[in-house]
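We did not get these values from a lab; they are worked out from the coordinates using the rules stated. Source: prediction; values computed, not measured. Methodologically, a virtual Cβ is constructed for each residue, glycine included, from the backbone with ideal geometry; neighbour enumeration extends over all protein chains shown.
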Amino acid sequence: MPDITRVGVCGCGLMGAGIAQVAATAGFNVVSYENDAHALERGRARIQQSLAKFVEKGSLSRADADAAIGRLRFTTTFDDLRECDLVIEAIVENPVAKKDLFARLDALLAPHALICTNTSSLCVMEMAAVTKRPTQVAGLHFFNPVPIMKLVEVVKTIVTSQATLDTLLAFARTLGKKAILAQDTPGFIVNRLLVPYLLYAIRMYEAGLASKEDIDEGMKLGCGHPMGPLTLLDFVGLDTTYYIAQIMFDEFKDPLMAPPPLLKRMVLAGHLGVKSGKGFYDYPSQPHSQSGSGAGTRT
Ligand code: CAA
Ligand code: NAD
C-alpha cells in the first residue's frame with residue numbers, strides 16, 4: 001500500500017470543505033472537486049473563515065494557515081482528481097449519485113488509489129461493488145464541524161483489506177482525529193444512536209409535547225449536550241437528516257428511524273436549517289455558514 005500524499009475530496013459542502021481543510025492543514029496536497037461552481041466558492045470561503053478562526057484563537061499560525069490554503073486546489077474538472085492516492089467522497093446522501101461517482105473514480109484513478117465515502121447511513125459495500133477495487137474501498141465518516149470534532153469512524157465492509165484499514169487508521173491519526181472501527185451497517189456506531197434520538201425530538205415537537213426551546217434546553221442543561229437536538233438538526237441539515245432517516249428506515253423498518261411528517265414538509269419548503277437560513281430556528285445572517293451553534297433567532 002503506497003503512502004498517501006495527494007488527497008481528493010468530492011463535494012465541497014458542509015462536510016467536504018471541512019475534510020479538505022483538515023487534510024490540507026495536516027500537510028496533504030488536496031484537490032477539492034465540486035460539480036457546482038457556486039458551492040465550490042462557498043466551500044472555499046468557509047475554509048478561509050474557519051482557518052481565520054484558528055489563527056485568531058492562536059491555535060494555528062498565520063504562516064501555517066497560508067500554507068494549508070496553498071496546498072488546496074479547488075476545481076470543477078473531474079479529471080483533476082486523477083493523481084490522487086486517496087479520494088474521499090462527501091457529496092449528497094443519495095445512493096445513485098454516489099454509485100455513479102464511485103464508478104467514475106474507479107475508471108479515473110491509478111490502481112493503487114483508495115476510495116472512501118463519508119456517507120452517514122448508506123451501505124458502503126453497495127459503492128464498493130461498482131468498482132473493480134472493492135478491497136480498497138471503505139467508509140471514512142467525519143463529524144460536523146470537521147475542523148473541531150475529534151472523531152472519525154473507519155467503516156470496514158466485508159471485503160475491505162487490512163492494508164486499506166491500516167492506511168486509513170494512520171491517515172485519520174495524521175489528521176489529529178481519534179478513529180474508531182465500525183461495521184458496514186446503516187448509521188455505523190454514532191448515527192445508529194443519534195438519528196433515532198434526533199427524530200424523536202421532532203416527533204415531540206410535532207405532537208406539541210413541548211416547545212422547541214424547552215426540548216433544546218432540556219437536553220443541553222439536563223444532559224450536558226453542547227446543542228439541543230433541534231439546533232443540532234438545523235446544524236446537520238434537515239435535507240441530509242431526511243435522506244439518512246429514509247435510508248435507515250428502508251434498511252431496518254423500525255418506526256423510530258422513519259422520517260417524521262414535519263421533517264419531510266420542512267425539506268419540501270426549503271427549510272434546510274443553517275445552510276438555507278431557516279430550519280427550526282432562523283439564521284438570517286448566516287445562510288451557508290458552517291457554525292450554527294446557538295446563532296439562530298428563536299421563532
Ligand atoms: N472552524 C473553526 N473553529 C470553529 C468552527 C469551525 N468550523 N466551529 C466552531 N469553532 C470554534 C469557535 O470559534 C469556538 O472557539 P473558542 O471556544 O475558542 O471561542 C469554539 O469552536 C466553540 O464554538 P462556539 O462558541 O461558536 O459554540 P459552541 O461552544 O456551541 O461550539 C460546536 C460549537 C463545537 C459546534 C458545539 O456546539 C458542538 O459540539 N455541537 C455538537 C456538534 C455535533 O454533535 N456534531 C455531530 C453532528 S452528527 C454528524 O456529524 C454525523 C452525521 O453523519 C450527521
Ligand atoms: P451538503 O449538501 O452541504 O454538500 C454536498 C455537496 O456535494 C454540495 O455542495 C453539492 O453541490 C455537491 N455535489 C453533489 N453531487 C455532486 C457530484 N456528483 N460531484 C461533486 N459534487 C457534488 O452536504 P453535507 O452535509 O456536506 O453532506 C455530504 C455527505 O456527508 C453526505 O453523505 C452526508 O450524509 C455526510 N455527512 C453529513 C454530515 C452533516 O452533519 N451534514 C455529517 C457527517 C456526514
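Stretched out straight at 0.36 nm per residue, the stretch from Tyr200 to Thr75 would grow longer than its current Cα-Cα span by 41.1 nm.
For a paramagnetic label modelled on Gln48 (point 7 Å from Cα along Cα→Cβ), amide N atoms under 16 Å away belong, within segment 19-38, to 21, 38.
Computed on the Cα atoms alone, the convex hull of the chain gives a volume of 125 cubic angstrom per residue. For the pair Asp214 and Arg192, label points projected 7 Å from Cα toward Cβ lie 3.4 nm apart. Taking label positions 7 Å along the Cα-Cβ direction at both Ile158 and Arg82, the computed distance is 3.7 nm, reported to one decimal. Normalising the Debye intensity of segment 6-183 to I(0), with uniform scatterers on Cα atoms only, and taking log10 at q = 0.15 Å⁻¹ returns -0.78. Rg ratio for segment 60-121: its Cα radius of gyration over 2.2 N^0.38 Å, N being its residue count, equals 1.34. Among residues other than Lys220 with Cβ under 13 Å from its Cβ, the summed charge is -3 (Lys and Arg +1, Asp and Glu -1).
Working from the Cα coordinates of segment 99-169, the gyration tensor eigenvalues give, after taking √(5λ), semi-axes of 20, 13, 12 Å in decreasing order. Taking a point 7 Å from the Cα of Ala103 along the Cα-to-Cβ direction, none of the residues of segment 177-212 has its backbone N closer than 13 Å to it. With R₀ fixed at 22 Å, the C-beta to C-beta distance from Leu169 to Glu126 puts the FRET efficiency at about 0.45.
Once the Cα atoms are used to define both axes, helix 162-174 deviates from the longest principal axis of the chain by about 70 degrees. Between Ala110 and Val55, the modelled label-to-label distance comes to 3.3 nm, taking each label 7 Å out from Cα in the direction of the beta carbon.
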